[in-house]
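The values are calculated or read from the model by the stated rules, or taken from the named source; none is laboratory data. Just so you know, these numbers come straight off a predicted model, no measurement behind them. No Cβ is skipped: glycine too gets one built from the backbone with ideal geometry, and neighbour counts run over all protein chains shown.
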Ligand SMILES: [Mg+2]
């Protein structure tokens, strides 16, 4: 099993677009070369069976894809460029080889798409479910990484893409009884917004940025905390996902609090010229940063209510 993971990974360590990996799998450490004048960005994310994914709810490819997408999305949220990924994988002894092959296929396909080599990792036996820990190393020119702490009162709040599809799917799966899921539940795999993050960083358009991994309300609260500010969100401006087969976009609660979307949430000075779309993805202004240190949701008619960070609690933790 381990040998197969290694050989699958080894094939990906060298890629045409990425000369960062000087020594990858096969030595005690990976040797990485950062572009001159750049700083390293490093992020780690767990994908735990029963907490972040269920093997009976999606294909192994989708789980592998999302495992790496979580890390790449964090690099995107800083405006960085991903260079290399590292995977530590603990597998139950009775796990079918087919699942592992599918997981690695999904992960490595996404890695290739972004020119990221899998440059190391570890494998072990797990006494519980599958445990995957992905580490992604990226880089950004010195001093240019976009932080969560840069939002100022008066800044506009923007979000890329549309929100809520993943949360709606999970809610449907959790309430369904059948084991074969209807097509409507097939969701597009999240596409890390690397290009958008890079563009915003290069043009210095974003004052603060985060990726929407836990839900708009929760991730916005992180920007507010780190920046020492508050926010107003207009409910009718939040871009809600359109799910295949359904006429209406998803409920507002999925778009506001649903996780696993991996879109970017950023703020920009009022004077910044933010395009309506970047790299083919819509960019929507959803609200304003305020001095009040509170988050407020403004309804269509103008009624205001407190917006609480009620973002995605992974289904294993839900009561
Ligand atoms: Mg993040």
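The residue that is nearest to the chain's Cα centre (by Cα), counting only those in region 31-78 that are within 16 Å of the ligand (Cβ to nearest atom) and over 23 Å from residue 105 (Cα atoms), is 77. Has region 233-242 got any residue that is assigned to a helix (DSSP H, G or I) and loosely packed, with under 13 Cβ neighbours inside 10 Å? Yes, that holds for at least one residue.
Scanning region 184-204 for residues that are in contact with a helix residue (DSSP H, G or I) (Cβ under 6 Å, 6 or more places away or on another chain) and either within 13 Å of the ligand (Cβ to nearest atom) or under 18 Å from residue 71 (Cβ atoms) (or both) turns up 189, 190, 192, 193, 194, 197.
Considering the conditions (1) away from the ligand (no atom under 16 Å from the Cβ); (2) surrounded by fewer than 20 Cβ atoms within 10 Å (Cβ to Cβ); (3) on the phi < 0 side of the Ramachandran plot; (4) not in a strand (DSSP E or B), residue 143 is excluded by exactly one of them, (3).
Just give me the residues in region 270-294 being under 24 Å from the mean Cα position of the chain (by Cα), assigned to a loop (DSSP other than H, G, I, E, B) and surrounded by fewer than 16 Cβ atoms within 10 Å (Cβ to Cβ), in sequence order. Before the answer, list the steps.
Filtering region 270-294 down to residues under 24 Å from the mean Cα position of the chain (by Cα) leaves 274-289.
Going one step further and asking which of them are assigned to a loop (DSSP other than H, G, I, E, B), we end up with 274-276, 279-280.
Those that are under 24 Å from the mean Cα position of the chain (by Cα), assigned to a loop (DSSP other than H, G, I, E, B) and surrounded by fewer than 16 Cβ atoms within 10 Å (Cβ to Cβ): 275, 276, 279, 280.
Does any residue of region 76-83 turn out to be farther than 24 Å from residue 124 by Cβ and assigned to a helix (DSSP H, G or I)? Yes, that holds for at least one residue. Here residue 151 passes the criteria (1) within 16 Å of the ligand (Cβ to nearest atom); (2) closer than 30 Å to residue 233 by Cα; (3) surrounded by 22 or more Cβ atoms within 10 Å (Cβ to Cβ); (4) under 20 Å from the mean Cα position of the chain (by Cα) except the one numbered (4).
May I ask you to verify whether residue 137 is within 23 Å of the chain's Cα centre (by Cα), part of a loop (DSSP other than H, G, I, E, B) and surrounded by 23 or more Cβ atoms within 10 Å (Cβ to Cβ)? So residue 137 does not fit the description; no. Taken over region 133-157, the residue count meeting the criterion of being in contact with a strand residue (DSSP E or B) (Cβ under 7 Å, 6 or more places away or on another chain) and under 18 Å from residue 75 (Cα atoms) is 16. Look at residue 26 and say whether it is surrounded by fewer than 15 Cβ atoms within 10 Å (Cβ to Cβ), more than 20 Å from residue 97 (Cα to Cα), modelled with pLDDT of 85 or more and over 25 Å from the mean Cα position of the chain (by Cα). When the stated conditions are applied, residue 26 does not pass them.
Go through region 205-222 and give me each residue that's within 11 Å of the ligand (Cβ to nearest atom), part of a helix (DSSP H, G or I) and buried (at least 22 other Cβ atoms within 10 Å of the Cβ). Quick ask: steps written out before the conclusion?
Going through region 205-222, the residues within 11 Å of the ligand (Cβ to nearest atom) turn out to be 209-214, 218-219, 222.
Right, trim to part of a helix (DSSP H, G or I) and you get 218-219, 222.
Once the filter is applied, which keeps residues that are within 11 Å of the ligand (Cβ to nearest atom), part of a helix (DSSP H, G or I) and buried (at least 22 other Cβ atoms within 10 Å of the Cβ), region 205-222 yields only 219.
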